[in-house]
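Scroll down for the structure; my scribbles are underneath it.
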Amino acid sequence: MTDEAALERLASGDPEALRFILGRHEGRVYAFALALTRSPDDAADVTQDTFLVLLRRPDAYDPSRGALGPFLLGVARNLVLRRWRERRAERPLKAAAEAVAEADARAGLRLEREEEARALRAAVESLSPVQRQVVALRFEQERSLEEVSTTMFLPLNTVKSHLRRAVDRLRRQLGHGG
(Lines give C-alpha, C1' and ligand atoms only; values in the text may rest on other atoms or scores of the structure.)
Protein backbone atom coordinates (compact mmCIF):
# COMPACT_ATOMS: atom_id res chain seq x y z
CA MET A 1 0.00 0.00 0.00
CA THR A 2 1.29 3.53 -0.76
CA ASP A 3 0.97 6.55 1.52
CA GLU A 4 -1.53 8.13 -0.90
CA ALA A 5 -3.69 5.00 -0.91
CA ALA A 6 -3.49 4.80 2.89
CA LEU A 7 -4.56 8.46 3.15
CA GLU A 8 -7.58 7.83 0.90
CA ARG A 9 -8.58 4.87 3.05
CA LEU A 10 -7.91 6.94 6.20
CA ALA A 11 -10.26 9.66 4.92
CA SER A 12 -12.98 7.01 4.56
CA GLY A 13 -12.42 5.86 8.17
CA ASP A 14 -10.32 2.72 7.67
CA PRO A 15 -8.37 2.06 10.92
CA GLU A 16 -5.91 -0.21 9.08
CA ALA A 17 -4.81 2.78 7.02
CA LEU A 18 -3.82 4.65 10.20
CA ARG A 19 -1.91 1.61 11.44
CA PHE A 20 -0.05 1.45 8.12
CA ILE A 21 0.88 5.14 8.25
CA LEU A 22 1.93 4.91 11.90
CA GLY A 23 4.03 1.83 11.25
CA ARG A 24 5.76 3.54 8.40
CA HIS A 25 6.35 7.04 9.83
CA GLU A 26 5.91 7.08 13.61
CA GLY A 27 9.51 6.12 14.49
CA ARG A 28 11.00 8.82 12.28
CA VAL A 29 8.61 11.50 13.57
CA TYR A 30 9.36 10.53 17.18
CA ALA A 31 13.15 10.56 16.59
CA PHE A 32 12.88 13.98 14.94
CA ALA A 33 10.73 15.37 17.77
CA LEU A 34 13.12 13.90 20.35
CA ALA A 35 16.09 15.55 18.62
CA LEU A 36 14.30 18.91 18.78
CA THR A 37 12.81 18.71 22.28
CA ARG A 38 15.39 16.52 24.04
CA SER A 39 12.52 15.21 26.12
CA PRO A 40 11.00 11.76 25.60
CA ASP A 41 7.67 12.94 27.05
CA ASP A 42 7.52 16.02 24.83
CA ALA A 43 8.60 14.00 21.80
CA ALA A 44 5.83 11.46 22.44
CA ASP A 45 3.28 14.28 22.77
CA VAL A 46 4.47 15.94 19.56
CA THR A 47 4.38 12.60 17.73
CA GLN A 48 0.83 11.93 18.89
CA ASP A 49 -0.28 15.45 17.97
CA THR A 50 1.35 15.14 14.54
CA PHE A 51 -0.70 12.08 13.69
CA LEU A 52 -3.83 13.65 15.18
CA VAL A 53 -3.41 16.52 12.70
CA LEU A 54 -3.25 13.97 9.89
CA LEU A 55 -6.19 12.00 11.29
CA ARG A 56 -8.41 15.06 11.72
CA ARG A 57 -7.42 16.69 8.44
CA PRO A 58 -6.06 14.16 5.97
CA ASP A 59 -6.73 16.71 3.22
CA ALA A 60 -4.02 18.96 4.75
CA TYR A 61 -1.45 16.78 3.01
CA ASP A 62 -1.01 17.60 -0.68
CA PRO A 63 0.88 14.80 -2.49
CA SER A 64 1.83 17.19 -5.31
CA ARG A 65 4.01 19.14 -2.84
CA GLY A 66 6.06 16.14 -1.71
CA ALA A 67 6.07 12.83 0.13
CA LEU A 68 4.10 12.18 3.32
CA GLY A 69 7.22 11.68 5.49
CA PRO A 70 8.61 15.20 5.06
CA PHE A 71 5.09 16.61 5.48
CA LEU A 72 4.76 14.85 8.85
CA LEU A 73 8.19 16.10 9.93
CA GLY A 74 7.11 19.63 9.02
CA VAL A 75 3.96 19.25 11.13
CA ALA A 76 6.09 17.94 14.02
CA ARG A 77 8.52 20.87 13.65
CA ASN A 78 5.65 23.35 13.72
CA LEU A 79 4.20 21.71 16.83
CA VAL A 80 7.57 21.87 18.59
CA LEU A 81 7.96 25.55 17.67
CA ARG A 82 4.46 26.26 18.97
CA ARG A 83 5.33 24.56 22.26
CA TRP A 84 8.51 26.63 22.58
CA ARG A 85 6.62 29.86 21.93
CA GLU A 86 3.93 28.96 24.46
CA ARG A 87 6.48 28.08 27.12
CA ARG A 88 8.51 31.21 26.43
CA ALA A 89 5.33 33.29 26.72
CA GLU A 90 4.42 31.54 29.99
CA ARG A 91 7.82 32.19 31.60
CA PRO A 92 7.51 35.98 31.92
CA LEU A 93 3.93 35.64 33.16
CA LYS A 94 4.96 33.05 35.72
CA ALA A 95 7.97 35.12 36.77
CA ALA A 96 5.81 38.24 37.07
CA ALA A 97 3.22 36.40 39.14
CA GLU A 98 5.94 35.05 41.42
CA ALA A 99 7.46 38.52 41.77
CA VAL A 100 4.08 40.02 42.67
CA ALA A 101 3.43 37.28 45.22
CA GLU A 102 6.89 37.79 46.72
CA ALA A 103 6.41 41.57 46.86
CA ASP A 104 3.02 41.08 48.53
CA ALA A 105 4.58 38.76 51.09
CA ARG A 106 7.39 41.24 51.78
CA ALA A 107 4.90 44.12 52.06
CA GLY A 108 2.75 42.08 54.45
CA LEU A 109 5.79 41.18 56.54
CA ARG A 110 6.97 44.79 56.54
CA LEU A 111 3.53 45.97 57.70
CA GLU A 112 3.49 43.33 60.39
CA ARG A 113 6.94 44.38 61.59
CA GLU A 114 5.94 48.05 61.54
CA GLU A 115 2.87 47.27 63.64
CA GLU A 116 4.98 45.26 66.08
CA ALA A 117 7.51 48.10 66.29
CA ARG A 118 4.72 50.65 66.96
CA ALA A 119 3.27 48.42 69.66
CA LEU A 120 6.70 47.96 71.23
CA ARG A 121 7.39 51.73 71.18
CA ALA A 122 4.03 52.40 72.81
CA ALA A 123 4.68 49.75 75.44
CA VAL A 124 8.14 51.17 76.20
CA GLU A 125 6.64 54.67 76.50
CA SER A 126 4.30 53.35 79.17
CA LEU A 127 7.27 52.35 81.39
CA SER A 128 8.51 54.59 84.19
CA PRO A 129 11.38 56.91 83.19
CA VAL A 130 13.92 54.80 85.11
CA GLN A 131 12.67 51.55 83.52
CA ARG A 132 12.78 53.17 80.04
CA GLN A 133 16.38 54.23 80.62
CA VAL A 134 17.40 50.76 81.85
CA VAL A 135 15.73 49.13 78.84
CA ALA A 136 17.32 51.63 76.44
CA LEU A 137 20.82 51.14 77.83
CA ARG A 138 20.53 47.37 78.05
CA PHE A 139 18.80 46.56 74.74
CA GLU A 140 19.27 49.53 72.42
CA GLN A 141 22.86 50.30 73.38
CA GLU A 142 23.61 46.66 74.25
CA ARG A 143 25.35 47.48 77.49
CA SER A 144 25.99 44.90 80.18
CA LEU A 145 24.08 45.13 83.47
CA GLU A 146 27.26 46.32 85.19
CA GLU A 147 27.64 49.12 82.61
CA VAL A 148 24.00 50.14 83.08
CA SER A 149 24.56 50.20 86.84
CA THR A 150 27.63 52.40 86.47
CA THR A 151 26.01 54.74 83.94
CA MET A 152 22.86 55.26 86.05
CA PHE A 153 24.68 55.39 89.39
CA LEU A 154 22.43 52.62 90.72
CA PRO A 155 23.30 49.39 92.54
CA LEU A 156 23.44 46.34 90.28
CA ASN A 157 20.51 44.62 92.03
CA THR A 158 18.36 47.74 91.61
CA VAL A 159 19.13 47.77 87.87
CA LYS A 160 18.21 44.06 87.69
CA SER A 161 14.90 44.73 89.50
CA HIS A 162 14.00 47.65 87.20
CA LEU A 163 14.87 45.56 84.15
CA ARG A 164 12.86 42.53 85.32
CA ARG A 165 9.79 44.67 86.08
CA ALA A 166 10.10 46.48 82.74
CA VAL A 167 10.41 43.24 80.79
CA ASP A 168 7.48 41.68 82.66
CA ARG A 169 5.33 44.73 81.90
CA LEU A 170 6.33 44.74 78.23
CA ARG A 171 5.48 41.05 77.92
CA ARG A 172 2.06 41.59 79.45
CA GLN A 173 1.32 44.59 77.22
CA LEU A 174 2.50 42.88 74.07
CA GLY A 175 0.67 39.66 74.90
CA HIS A 176 3.75 37.46 75.27
CA GLY A 177 3.39 35.05 78.15
CA GLY A 178 7.01 33.86 78.13
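The values are calculated or read from the model by the stated rules, or taken from the named source; none is laboratory data. All of these numbers come straight from a predicted model, not from anything done at the bench. Cβ sites come from the backbone with ideal geometry, for glycine too, and all protein chains shown count toward neighbours. Please note that ligands, DNA and RNA were not included when accessible areas were found on the heavy atoms of the full protein model with its side chains. Shrake-Rupley method; radii C 1.70, N 1.55, O 1.52, S 1.80 Å.
Of all residue pairs spaced 6 or more apart or on separate chains, those with beta-carbon atoms under 8 Å, a first member in region 27-38 that is closer than 15 Å to L81 by Cα and a second member that is open to solvent by 60 Å² or more (accessible area, probe 1.4 Å) are F32/R77; L34/P40; L36/R77. Could you count how many residues in region 1-48 are of a type in the set (D, E) and under 23 Å from P63 (Cβ atoms)? Number satisfying all stated conditions: 6.
Kindly check whether there is at least one residue in region 22-33 that is within 32 Å of the chain's Cα centre (by Cα) and open to solvent by less than 60 Å² (accessible area, probe 1.4 Å). Looking through region 22-33, at least one residue is within 32 Å of the chain's Cα centre (by Cα) and open to solvent by less than 60 Å² (accessible area, probe 1.4 Å). When E140, E125 are screened for being modelled with pLDDT of 85 or more, of a type outside the set (K, R) and within 50 Å of the chain's Cα centre (by Cα), only E125 passes. Scanning region 11-21 for residues that are surrounded by fewer than 19 Cβ atoms within 10 Å (Cβ to Cβ) and either touching a helix residue (DSSP H, G or I) at 6+ places or on another chain (Cβ under 8 Å) or assigned to a helix (DSSP H, G or I) (or both) yields A11, P15, E16, L18, R19. Which one is farthest from L72 (Cα to Cα), of the residues in region 23-50 that are at pLDDT below 90 and not small (G, A, S)? Ranking the qualifying residues of region 23-50, first place goes to R38.
Can you find a residue in region 66-75 that is open to solvent by 90 Å² or more (accessible area, probe 1.4 Å) and either in a helix (DSSP H, G or I) or without any contact (Cβ under 8 Å) to a residue 24 or more places away in the chain (or both)? No, every residue in region 66-75 fails to be open to solvent by 90 Å² or more (accessible area, probe 1.4 Å) and either in a helix (DSSP H, G or I) or without any contact (Cβ under 8 Å) to a residue 24 or more places away in the chain (or both).
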